1. Using beta carbons and a limit of 8 Å, which pairs, at least six apart or on different chains, have the first residue in region 53-71 and free of Cβ contacts under 8 Å to residues at least 24 places away in the same chain and the second one among the basic types (K, R) and surrounded by 13 or more Cβ atoms within 10 Å (Cβ to Cβ)?
2. In region 44-81, what residues are surrounded by fewer than 21 Cβ atoms within 10 Å (Cβ to Cβ) and in a strand (DSSP E or B)?
3. Say whether the condition of being modelled with pLDDT of 95 or more, over 19 Å from G139 (Cβ atoms) and within 12 Å of the chain's Cα centre (by Cα) is met by at least one residue in region 3-18.
4. Specify the residue that is surrounded by the fewest Cβ atoms within 10 Å (Cβ to Cβ); the eligible residues are those in region 111-140 that are within 14 Å of R15 (Cα to Cα) and within 18 Å of the chain's Cα centre (by Cα).
5. What do you reckon, is S138 outside any loop (DSSP other than H, G, I, E, B) and of a type in the set (G, A, S)?
6. Taking D39 as the residue in question, decide whether it is acidic (D, E), under 27 Å from R94 (Cβ atoms), at pLDDT 95 or above and exposed (fewer than 15 other Cβ atoms within 10 Å of the Cβ).
7. Give region 2-28 a look and list any residue that's assigned to a helix (DSSP H, G or I) and either of a type in the set (D, E) or under 20 Å from V107 (Cα atoms) (or both), or say none.
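The values are calculated or read from the model by the stated rules, or taken from the named source; none is laboratory data. Here the structure is a predicted model, which is why all the values come from computation and not from measurement. FYI the Cβ positions are ideal-geometry reconstructions off the backbone, even for glycines, and counts take in every protein chain you see.
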Amino acid sequence: MVDVGAKQETARVARAAGTITMQPATLALIREGTAKKGDVLGIARLAAIQASKRTGDLIPLCHPIALTRVAADFVIDETQHAVHCEVTAECFGRTGVEMEALTAASVGLLTIYDMCKAVDRGMRIDNIRLLEKKGGKSGHWQAD
């Protein structure tokens, strides 16, 4: 792992996002809360938050971080037959939270896939990306 011991502790924030596209009938199950496995978006939200806390265990050489806040939001997009996920991760520390936000978005979308795969194996997860990061020596970065 990279030595971050000499770095200054600062407030750090990262936002990441991604999308899962599916058949209209699958989206209806999610929207109406009638999927066989239960509340798809509620469980995906918990999975995303849980994943953010385990990032240091999943990604080699990634520092374990004491997160101070994680929010996972899911928006149903009727036009594209999709669910968009956006995660914000925050901490006060010596290293950024980009990997935590990206991991959370990925696992949240994977959870939707898992919960709906029995009715739609053709779902597609796309465009997982970092939207923004703040804090630390490199300052503020935002995607175009």
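1. The qualifying pairs do not exist here.
2. Scanning region 44-81 gives L67, T68, R69, A71, D73, F74, V75, I76, D77.
3. Yes: region 3-18 contains one or more residues that are modelled with pLDDT of 95 or more, over 19 Å from G139 (Cβ atoms) and within 12 Å of the chain's Cα centre (by Cα).
4. For region 111-140, the residue satisfying everything is N127.
5. On the way: outside any loop (DSSP other than H, G, I, E, B): no; of a type in the set (G, A, S): yes.
It is false that S138 is outside any loop (DSSP other than H, G, I, E, B) and of a type in the set (G, A, S).
6. On the way: acidic (D, E): yes; under 27 Å from R94 (Cβ atoms): no; at pLDDT 95 or above: yes; exposed (fewer than 15 other Cβ atoms within 10 Å of the Cβ): yes.
The answer is no for D39.
7. Applying the first criterion (assigned to a helix (DSSP H, G or I)) to region 2-28 yields 24-28.
Answer for region 2-28, where residues must be assigned to a helix (DSSP H, G or I) and either of a type in the set (D, E) or under 20 Å from V107 (Cα atoms) (or both): T26, L27.
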